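Enquirer: My structure is below; once you've seen it, I'll send some questions.
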Amino acid sequence: MSTGFGKFEELETRIMRAVELVKTTRQENETLQKELTSTRSQMSKMEHELEELRRDRDLVKNRIESLVDKLSELTEESGVQTEAAPHRR
């Protein structure tokens, strides 16, 4: 009879370990779900920030191109005047 009781105790021990394992796994899962939610939120914010930075970059690029064009026009006008000035003499 003690053999049957020993097997029962072994089964009880295994069940208790399984219950603890399930509890631990559920806690870990909950923690990971929270981390995932937080990470997704951060990622969304970063994607939005990246889009803003890209728009800003494009705006700056366009403004620089416009300024370079204006400088080129000025240089071309200067070149024309410089070439015309010696002919006037």
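No lab work stands behind these numbers, since they all come straight from the coordinates. Bear in mind that the values here come from a model prediction, so they are computed numbers and not experimental data. With ideal geometry, Cβ positions are generated from the backbone for all residues, glycine too; neighbour counts draw on all protein chains shown.
Enquirer: So how strong a dipole does the chain carry about its Cα centre when Lys and Arg Cβ are +1 and Asp and Glu Cβ are -1, to the nearest 20 debye? Write down the numbers at each step before the final one.
Expert: Working: 16 positive and 19 negative charges, 30 e Å.
So the magnitude is around 140 debye.
Enquirer: On alpha-carbon atoms, Rg over Rh for the chain using Kirkwood Rh? Don't jump to the answer; show the numbers that get you there.
Expert: Working: Rg = 37.8 Å, Rh = 20.8 Å.
Across the chain, the Cα-based Rg/Rh ratio is 1.82.
Enquirer: Sticking with this one: Relative to the longest principal axis of the chain, what angle (0 to 90°, nearest 10) does the C-alpha long axis of helix 2-88 take?
Expert: It works out to around 0 degrees.
Enquirer: Under a straight-distance cross-link criterion of Cα-Cα below 26 Å, which lysines are reachable from Lys7, leaving out those fewer than 8 residues away in the same chain?
Expert: Candidates past the 8-residue exclusion: Lys23.
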